[in-house]
Amino acid sequence: MTAFWFWIIVAVAFAIAEVMTVAFFAVFLSLGALAAAVVSLLGFSLLVQAIVLGVIGVVGIFAARPFLVERLHIGRRRLESGAQSMVGQRAVLTDPILASGQPGHVKIAGELWPAITEDGSPLPVATPVIVTDLRSTVLVVRAASLPPASSPSMPSV
């Protein structure tokens, strides 16, 4: 009966750790400890109890955890950081984009970024633009009033 209470205490400790981290690791160890407690009541040795804990914990972490983590993130927007998060944002040109491929500059997020157009066309200063892509450290933009450039694989309607 002593082993039963030991496994219950272990299960509670792992459950508390899971609540604090929400990482879906400790929950499986907690379930394994509960299973070990049941196995101890059935009279199996401490080695068998530990094996039950290990098997349920490892199988849960490797088999069920990926599915649960994926389900937890369904419908959430992926967190983007840095320059990639600027795609889709509006900005205003502070320096013109020249036709010769020389980038202009846009002020976005309080910083000046070099910018080129999607089709290589020039744009004058103070043109409102939308960031459509990122090439290395250069933002690709189009004039905000223009529709997106059609790709060669998609026919324009």
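Data overview
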quantity: Total formal charge among the other residues, if their Cβ is under 12 angstrom from that of T94, Lys/Arg +1 and Asp/Glu -1; calculated: -1
quantity: Along each principal axis, Cα extent of the chain, largest first, Å; calculated: 82, 37, 22
quantity: Computed lengthening from I16 to L42, 0.36 nm per intervening residue step minus Cα-Cα distance; calculated: 6.7 nm
quantity: Under Karplus coefficients 6.51, -1.76 and 1.60, residue-wise ³J(HN,Hα) of region 20-31 in Hz, glycine/proline x; calculated: 6, 9, 6, 9, 6, 10, 5, 4, 6, 5, 5, 4
quantity: Label-point separation in nm, V92 to F67, each point 7 Å along Cα→Cβ; calculated: 5.4 nm
quantity: Exposed trypsin sites (Lys or Arg not before Pro) absent - longest run of the chain, DSSP non-H/G/I/E/B, at most 10 other C-beta within 10 Å; calculated: 79-157
quantity: Gain upon complete extension [R135, A50; 0.36 nm per residue less C-alpha separation]; calculated: 25.2 nm
quantity: Percent of Cα pairs exceeding the 14 Å cut-off, where the set is region 86-138; calculated: 43 percent
quantity: Per residue value of the accessible surface for the chain (all protein chains in place, 1.4 Å probe), Å²; calculated: 65 Å²
quantity: Long-range tail of P(r) for region 1-61 (Cα pairs > 13 Å, %); calculated: 53 percent
quantity: Check: the chain dipole with +1 on Lys, Arg Cβ and -1 on Asp, Glu Cβ, in debye; calculated: 220 debye
quantity: For the chain: relative contact order, % (alpha-carbon pairs under 8 angstrom, 6 or more apart); calculated: 14 percent
quantity: Computed helical MRE - 222 nm, the chain, DSSP H runs ≥ 4 contributing -39500 (n - 2.57), nearest 500; calculated: -12000 deg cm²/dmol
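The values are calculated or read from the model by the stated rules, or taken from the named source; none is laboratory data. Being a predicted model, the structure only gives us computed values, none of them experimental. Note that each Cβ is placed from the backbone with ideal geometry, even for glycine, and that neighbours are counted across all protein chains shown. Note: areas computed on protein heavy atoms with side chains; ligands, DNA, RNA excluded. Shrake-Rupley method; radii C 1.70, N 1.55, O 1.52, S 1.80 Å.
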